[in-house]
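Asks: What follows is a single structure, and I will ask about it in a moment.
What follows is calculated from the coordinates using simple rules that are stated; it is not laboratory data. Nothing here was measured: the structure is a model prediction, and the numbers come from that model. Cβ: placed from backbone, ideal geometry, glycine included. Neighbour counts: every protein chain shown.
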Amino acid sequence: MRSRLPGKARSSPALKWWLRRRSRVLRSAVALFAAASALAQPPASPGPGSDAKASAHPVAVLLRLTARINNEVLDSPFSVHLNHNKLNFFVRIRDVSGTAGYYSPLTSGDRMTPKKPANSEDLKSGWVYLKLTPGQYQLALDWLAEGLTTFKQTADLQFTVSPDSAATYIGTISLSCVDTSTAFSAHRTCDTPTVGDESAKAADVIRRLLPPDATSTTSLATAAGFFH
């Protein structure tokens with residue numbers, strides 16, 4: 001009779017079957033995840049001038065959002081809030097220069113969160129910025145509405161980022177919204193945004209964001225339509 005080596009247990013057929021099945025399930029899960037990732041981010045074919053666009057130096061594009069929800073000012077409008085009446089906003093940025101040759105939120109107009117300044121008072125007041133290469137863009141504000149499952153957005157604003165400055169202030173966007181909610185539903189509606197000029201305040205924020213010798217310019221956003 002053949003004796004077993006000490007410390008080496010014989011695997012049962014049921015255990016071997018279970019290990020093979022688990023391995024197949026794991027491989028299938030990995031394959032499905034990879035396929036979903038590829039579908040979620042399809043590569044776009046390069047557009048004219050895409051090499052120059054990719055190599056261009058990014059500019060800090062500064063904006064401020066002043067949002068009133070049910071006549072109450074919403075502090076830090078781009079930060080996450082737990083209460084529906086204080087749900088935060090997002091932005092949708094789309095490059096309409098025709099030069100972005102790679103898949104990104106800038107080519108698809110996907111929802112994105114802008115960068116937040118380190119200064120807490122600037123953030124509370126609604127100042128945020130984006131890092132964009134020179135070109136022409138459209139921007140829309142985006143928010144969660146309709147039972148906390150559906151997003152809505154404002155009409156597009158358009159603006160130009162110049163290569164001649166390290167920062168561009170595109171305006172202070174004002175928005176007024178009404179939230180109505182019950183125990184079973186939630187709903188937010190917002191009016192058309194307006195753009196104001198707070199260049200002096202923007203200059204102070206830029207000084208806190210960038211080195212002292214950084215140059216900046218003002219190029220206020222306007223209603224979209226001209227670039228189409």
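Asks: List the aspartates and glutamates whose Cα lies under 12 Å from the Cα of Lys124, skipping any in the same chain that are fewer than 8 positions away.
Replies: Partners found: Asp75.
Asks: Setting aside same-chain residues fewer than 8 positions from Lys152, which aspartates and glutamates have a Cα under 16 Å from its Cα?
Replies: Of all the aspartates and glutamates, those that pass the test against Lys152 - Cα under 16 Å, at least 8 places apart if same chain - are Asp110, Asp142, Asp179, Asp191.
Asks: For Phe159, Phe78, Phe90, what's the fewest-to-most ordering of other Cβ within 10 Å of each Cβ? Intermediate values should be presented prior to the final figure.
Replies: Numbers: Phe159 24, Phe78 20, Phe90 17.
Exposure proxy ranking, most exposed first: Phe90, Phe78, Phe159.
Asks: For a footprinting-style exposure proxy, rank Lys115, Lys131 by other Cβ within 10 Å, fewest first. Please report the intermediate quantities before stating the final value.
Replies: Working: Lys115 14, Lys131 10.
With the fewest neighbours first, Lys115, Lys131 line up as Lys131, Lys115.
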